[in-house]
Amino acid sequence: MDFEAFFKSELDSLHNEGRYRVFADLERHRGSFPRATRHTPDGPKEVTVWCSNDYLGMGQHPAVIDAMKEAIDHCGAGAGGTRNISGTTHYHVRLEQELADLHGKESSLVFTSGYISNWATLGTLGQKIPGLIIFSDALNHASMIEGIRYAKCERVIWKHNDLNDLEAKLAAADPNAPKLIAFESVYSMDGDIAPIKEICDLADKYGAMTYLDEVHAVGMYGPRGGGIAEREGLMDRLTIIEGTLGKAFGVMGGYIAASAALCDFIRSYASGFIFTTALPPTLAAGAIASIRHLKASPFERVRHQERVKKLRTLLDACGIPHIPNPSHIVPVMVGDAAKCKWISDIMLDSYDIYVQPINYPTVPRKTERLRITPTPLHSDADLEHLVGSLHQLWARCALARAVA
Ligand SMILES: *Cc1c(COP(=O)(O)O)cnc(C)c1O
């Protein structure tokens, strides 16, 4: 087989469908987020980032950076091994205490990423619990889907956020089979929020465990940044809360928070936890500082929500259509793959605004969009420049406006 020709023809098909992914080559600067330098063939340019998942700008917060510097000066670069073999440092132990406290759980377990925490936890539960059926929301993240696939247990997909469909499927399953309901709080692409309480009620009724991915909510919602479940007083009703250290907390890593026995079980059986080098202590130190800061400081959360509201108001004033959801994610709808890519390219090249186009297969065709994520660090002038640019491009592209 001509392997090179195979790779190239697969890539060609992505190009032909307009789905080939191009990375922006960025350099972030401490102290000037959301500004970044973009490296182009014509040299460096300054851009404003409008699609970062560093939702609160914690990736450059002085408390986080100082903690990371102190850790590297104190104990060096890497962890030096897997958690089991010499890689558990005091920073990891303290981070797990911090996370258990954040979610009001007995225990927590840190992984190298949110992806791995979903994959390893769901995979291990599905493999080890005899006859487990996992009820998975249709819009769950790829990492949950892959974990469930790896588990090779029975899985039932229920319609996104649809309680009637979930209940019908729970009722149709063997009443004696162990069950787990896996879902997210804030969904990344539409920014909608699951009915967590009602899902927990169904879980109680049918004797199911609950698994909630709060990746797009931790740090940002709840009085201490514990997520939507904290805001709604529901943390104790969830069997497992999963989160990331890489989005609002601004660093990297993933975790679950749950009972001591459940965390110990995953620690002891999950291949994706056991056989990989622990996070560097610097990252654990940065995460501890970030979580602690956000537990005590509502300032970033309040300012974040205010910025989101302001952006929506400006978009509405010039009829730029966006999904009216209850979260901080602002999906501006284009509804055409080529136009979406074109607008994103022009925004970057002519307006120095970086917002990545979101096309199929991340979202369904005809719902192509710009996924805009305002942060507390975007100024009024930034917001006006963004919306002014969209206003001009909407006219050039002959795109429909929302009717007020
Ligand atoms: C980003 C994301 C993850 C993965 O988290 P990482 O820490 O980036 O690996 C998991 N779930 C959802 C819903 C996500 O959007």
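No lab work stands behind these numbers, since they all come straight from the coordinates. Predicted, not measured: the structure shown is a model, and the values here were computed from it. So basically every Cβ, Gly included, is an ideal-geometry build from the backbone, and we count neighbours across all protein chains shown.
Longer than 24 Å from Cα to Cα, which of Lys105/Lys295; Lys159/Lys197; Lys197/Lys309; Lys169/Lys247; Lys310/Lys366 are they? Say none if no pair is. All intermediate terms of the calculation are to be shown ahead of the outcome.
On the way: Lys105/Lys295 15 Å; Lys159/Lys197 17 Å; Lys197/Lys309 26 Å; Lys169/Lys247 33 Å; Lys310/Lys366 27 Å.
Over 24 Å apart, Cα to Cα: Lys197/Lys309; Lys169/Lys247; Lys310/Lys366.
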Problem set entry | Those lysines that a straight Cα-Cα span of less than 24 Å connects to Lys8, excepting residues fewer than 8 apart in one chain | Lys341
Exercise. Where both residues lie in the range 186-265, what percent of DSSP beta bridges are antiparallel, nearest 5?
Worked result: 60
For this session: Express as a percent, rounded to the nearest 5, the fraction of DSSP beta bridges in the chain (both residues included) that run antiparallel.
Result: 55
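Before anything else, pin down the relative contact order of the chain: Cα pairs under 8 Å, at least 6 apart, normalised by residue count, whole percent.
Working: 768 pairs, mean separation 83.5, N = 404.
Dividing the mean separation by the residue count of the chain yields 21 percent.
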For this session: Per DSSP H run of n ≥ 4, the term is -39500 (n - 2.57); total these for the chain, divide by its residue number, and report the mean residue ellipticity at 222 nm rounded to 500 deg cm²/dmol.
Result: -13500 deg cm²/dmol
Exercise. About its Cα centre, what dipole magnitude does the chain give when the only charges are +1 on Lys and Arg Cβ and -1 on Asp and Glu Cβ, stated in debye to the nearest 20?
Worked result: 220
Exercise. Ranked from highest to lowest mean number of other Cβ atoms within 10 Å per residue, what is the order of the peptides 382-395, 176-189?
Worked result: 176-189, 382-395
Seminar exercise, completed: For the chain, longest principal axis from Cα atoms; helix 142-151 axis from its Cα atoms; angle between them, nearest 10 degrees, is 30
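For the range 231-360, what's the relative contact order in percent, using C-alpha pairs closer than 8 Å and at least 6 residues apart?
On the way: 85 pairs, mean separation 15.5, N = 130.
Across the range 231-360, relative contact order equals 12 percent.
Can you tell me the dipole magnitude for the range 264-318 around its Cα centre, using point charges on the Cβ only (Lys, Arg +1; Asp, Glu -1), in Debye to the nearest 20?
Here the range 264-318 has a charge dipole of around 260 debye.
Where does the charge balance sit around Gly191 when Lys and Arg score +1, Asp and Glu -1, over other residues with C-beta under 12 Å from its C-beta?
Values: positive: Arg312, Arg369, Arg371; negative: Glu184, Asp190, Asp192.
Neighbour charge sum, excluding Gly191 itself: 0.
Cα gyration tensor of the range 1-135, axes a ≥ b ≥ c as square roots of the eigenvalues: rounded (a/c below 1.5), prolate (a/b > b/c) or oblate? Numbers along the way, then the final one.
Working: a/c = 2.01, a/b = 1.17, b/c = 1.72.
Oblate is the answer for the range 1-135, as a/c is 1.5 or above yet b/c matches or exceeds a/b.
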Exercise. What is the distance in Å between the Cα centres of the range 273-323 and the range 133-159?
Worked result: 27
Problem set entry | Gyration tensor (alpha-carbon) shape descriptor, the range 252-291, a/c threshold 1.5 | oblate
Exercise. Taking the Cα centre of the chain as the origin and placing charges on Cβ (Lys, Arg +1; Asp, Glu -1), which of Ile193, Ala182, Leu314 is farthest toward the positive end of the dipole?
Worked result: Leu314
For this session: Evaluate the charge dipole of the range 118-165 about its Cα centre and quote only its size in Debye, nearest 20, assuming +1 on the Cβ of each Lys and Arg and -1 on the Cβ of each Asp and Glu.
Result: 220
Exercise. So what's the angle, to the nearest 10 degrees on a 0 to 90 scale, between helix 163-172 and the longest Cα principal axis of the chain?
Worked result: 30
